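Working notes for the structure below.
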Amino acid sequence: MGNIITAKNIVKRYSKHVALNDVSFTVPEGVIYGLLGPNGAGKTSMIRIINQITAPDSGEVLFNNEKLSADHTKSIGYLPEERGLYKKMKVGEQALYLARLKGMNKADAEAKLKAWFIKFEMQTWWDKKVEDLSKGMQQKVQFIVTVLHEPKLLILDEPFSGFDPINVELIKGELLRLRKDGATIILSTHNMASVEELCNNITLINQSKAVLEGNVTELRHSFKAHTWEVKFQGSEDAVRSALNGKFELIEMVPEISLTVAKIKIPDALNSNTLIQTLLPSCTILGFSEILPSMSEIFISAVKRNQPIPQA
Amino acid sequence: MSKIGLIIQREYTTRVRKKSFLVISILGPLVFAGLIFAPILISNTKNENQRIVVVDETKTICGVLQNNSTVHYDYGYCNIEVASVKKIFADSAHVSVLYIPKSEQMVQVQLFSKDDPGNDVVSSIEYQLNNTLERAKMKAENLDQAMIDKVKSSVKVEDNVNNKVTNTGYNAVLGYAASFLIYIFIFLYSVQVMRGVMEEKINRIVEVIISSVRPFQLMMGKVIGVGLVGLTQFLIWVILGFGAYHVGTAYLQGEMVNPQRAATEQTLKKGAPVDATNLSHMNPQNKDITGAMDNVDNMLRSTNWVLVIGGFLFYFLGGYILYSALFAAVGSAVDQETETQQFMLPVTAPLILSIVVMQSIITNPHSTIAVWFSIIPLTSPIAMMARIPFGIPVWQLALSMSILIGTIFGTVWLAGRIYRVGLLMYGKKVTYKELGKWLFYK
């Protein structure tokens, strides 16, 4: 499969700062793609460029290998971080309006909307004014409006903020289903747990630059510290003395009827030597490698790119 | 439907469906009609029968004043002392005592009553007394009636501009009304555009919308949609106002016919000859109204309505688009209503200036200041409209219109540049310098 988005050397300057400095990345088709980065890193600027809300000062974005154009807006669904609806307008009428702005015809939009309203159990909301809905309810309406025209590319900026846990699960389920049906989703979020859970690939933007790009599993393996978790029964002291000198014991936590140890394997050795070392001293119940969380990767990547403070 | 069409439709329907639109549409012309007709109606409302008891020390008026449909003169107390007559009728409603003291000139006549008999009665008494006194004096000087009629003159200036009968006062009223309407509409609806822009920005719906349409489409959709609301409102006003005018004049004409007929019947009953001059003496005000209406009719005919209405629509729409684009840019640049102040002032200044200068333009429609104001684009919608009814050189009109059109294109482009950046700027106060930079953002 090809790449749905190819961003090449994007530069975006505002009067007082550079929002994006030579950012390039590619989003393969059919994945959930995480666009990560600390606040103010330039994520929203990038998203706005893909949505053609603003134009880059230099560089270009390709959509399915074509230069981005007005025709592509109907193939993109966008849920901005700061989102709202017309307060005085009725829910159904408003959803229809926004759907038609995306190029849907009225009958089609109405039929699909009704189906979504049934799916999300909100049939009774159709004639309510938006101002009479709770924030969570409004978020649901916004989500539906974003996906209604079945876009090839969905761009969601912090989609889970403002939802309760039940609705977060509902939305996550929908995102996974949409990916299965062939949509590509760009997810911008600070919620690293949901990145691990949902995203196939990520780009990390920090201080206007793309500092990390790749597949989530591969990234976690490349950032791993060769640390293993060992669950065992037996004498803690015996294990300690067995490890002595060869392996680094990070911590040892006794639990009910077993002990959990975290052990770092030096580069010269591997997991088999660790098992061989431990075998005489205890009964091994579990043995697994600890991969870094996305959160740890995020923090270490951001710190690594921090400019060195001037003395 | 095209995207801009959808936007226009939404802007239009959400506004027209509002209750406030209905209220303003109906109340507007009623208030206007009320302002025009209220004074006439008020002076015509004292219709209860009035009895005027005449106390005449000069012995010349007793029996002279003529009754009409509502006023009945009582000559039974002519020679009785005024103080005692006043006492008799002190508490009687609808009875007045007319006291004519002994005096050569008869300049000070007094009317005593419990309640105000109304303007009609007073002016009728004055008119008849003056007439009587005049005739008496002329008779004393041995002038006969035929001679008097010959001497009386009535001069009217007929205003001919370019060989067409016109009326300067009327042109002034027309120019004033038309340009004032333009002023009101520009203000009313440009501010609505600004509010709409701010609503979308503050609601944060704008980012969703401009991911579907270009900001320029959104801005123009709003400007056109709200403009159509203004036109609709205006059309409703015209129709209702026209209706109210016709109902009003029909009512007034009915009022005028009735007292005359009643008076005629009364005179016939008494067996006195029906005298046309007497009839017109009955209620001098009626004659004024009939005359005024004839004048209005003549003036309506003298106006070049194609030019006036065409000019009105052109400057109405042109001025509105020019200013609403500027107001849209202001709305996009701020986060809060209170912040609009700093940008509103320079935008509204030319509008207010033109309304201030309008007074001088109307008194002197061909002065240098009038010509310049009607050519400079930010003031021309109001200034030129004030001049159009007076008749203006074609080259001035053409110049003013083409400059306005050119300025509209430039301003809309400029406003669009500011608008598209401003919409997404939150949380900081914007300076003019910054607005300037926005123009060059990609």
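Each reported figure results from applying straightforward, stated rules to the coordinates on display, with no laboratory input. Given the structure is predicted, the values throughout are model-derived calculations rather than measurements. Here the Cβ positions follow ideal geometry from the backbone for every residue, glycine too, while neighbour counts run over all protein chains shown.
Taking the Cα centre of the protein assembly as shown as the origin, how large is its charge dipole in debye, to the nearest 20, when only Lys and Arg (+1) and Asp and Glu (-1) carry charge on their Cβ atoms?
Computed charge dipole of the protein assembly as shown: roughly 1160 debye.
For segment A:187-204, the Karplus equation 6.51 cos²θ - 1.76 cosθ + 1.60, evaluated at θ = phi - 60°, returns couplings of 10, 10, 7, 9, 7, 5, 4, 6, 5, 4, 6, 9, 7, 8, 10, 9, 10, 9 Hz by residue, with Gly and Pro reported as x.
Taking amide hydrogens as placed 1.01 Å from N in the peptide plane, the amide H of B:Tyr77 sits under 5 Å from those of B:Val54, each at least 5 positions away in sequence or on another chain.
Using DSSP to call loops (not H, G, I, E or B), can you name the trypsin sites (Lys or Arg not before Pro) in segment A:1-35 whose Cβ has at most 11 other Cβ atoms within 10 angstrom? Before the final figure, lay out the partial values.
Details: sites: A:Lys8, A:Lys12, A:Arg13, A:Lys16; in loops: A:Lys16.
Within segment A:1-35, the qualifying trypsin sites (Lys or Arg not before Pro) (loop, at most 11 other Cβ atoms within 10 Å) are A:Lys16.
Inter-label distance, A:Ala238 to B:Thr368: 11.3 nm, where each label sits 7 Å from its Cα along the C-beta direction.
Please report the net charge: other residues with Cβ closer than 11 Å to the Cβ of A:Thr44, K and R +1, D and E -1.
-2
Note down the relative contact order for segment A:3-221 as a percent, whole number, built from C-alpha pairs under 8 angstrom at least six residues apart.
31 percent
Each peptide among B:215-222, A:283-290 gets the average number of other Cβ atoms lying within 10 Å of its residues, and from highest to lowest they stand as B:215-222, A:283-290. No disulfide-compatible partner, judged by a Cβ distance under 4.7 Å, exists for the following cysteines of the protein assembly as shown: A:Cys199, A:Cys282.
Taking amide H as placed 1.01 Å from N in the peptide plane, the amide H of A:Ile155 sits under 5 Å from that of A:Gly77, A:Tyr78, A:Leu79, A:Ile186, each at least 5 places away or on another chain.
FRET efficiency for the B:Val16 to A:Asn105 pair, using the beta carbon distance and R₀ = 30 Å, is estimated at 0.80. When the GluC sites (Glu not before Pro) in segment B:64-140 are filtered for DSSP coil states and for at most 15 other beta-carbon atoms within 10 Å of their beta-carbon, the remaining sites are B:Glu81, B:Glu104. Close amide H pairs (under 5 Å, H built 1.01 Å from N) link A:Ser24 with A:Asn9, A:Ile10, A:Ala210, residues at least 5 positions away or on another chain. Peptides A:76-83, A:62-69, ordered by how many other C-beta atoms sit within 10 Å of their residues on average, highest first, read A:76-83, A:62-69. With a 10 Å cut-off around each Cβ of A:87-96, the average count of Cβ atoms from other chains is 2. Look at the stretch B:210-222: the mean tally of other chain Cβ atoms within 10 Å of its residues' Cβ atoms is 4. Per residue of B:198-208, other chain Cβ atoms within 10 Å of the residue Cβ number 6 on average.
Using the Cβ-Cβ distance between A:Thr124 and A:Glu29 with R0 set to 51 Å, the FRET efficiency from 1/(1 + (r/R0)^6) comes to roughly 0.85.
How high is the FRET efficiency between B:Phe180 and B:Ser2 when r is their beta carbon distance and R₀ equals 25 Å, given to the nearest 0.05? Show your work: numbers first, answer last.
On the way: r = 36 Å, r/R0 = 1.44.
According to the calculation, E is roughly 0.10.
What is the distance in Å between the Cα centres of segment A:1-52 and segment A:137-210? Their Cα centres are 16 Å away from one another.
To check you understand DSSP bridge types, tell me what percent of the beta bridges within the protein assembly as shown (both residues inside) are antiparallel, rounded to 5.
On the way: 48 of 75 bridges.
For the protein assembly as shown, the DSSP antiparallel bridge percentage is about 65.
Stretched out straight at 0.36 nm per residue, the stretch from B:Gln396 to B:Gln336 would grow longer than its current Cα-Cα span by 17.5 nm. Sequentially through segment A:33-47, phi angles give Karplus couplings (6.51, -1.76, 1.60; θ = phi - 60°) of 10, x, 10, 10, x, x, 4, x, 6, x, 4, 5, 4, 5, 4 Hz, Gly and Pro residues having no value and appearing as x.
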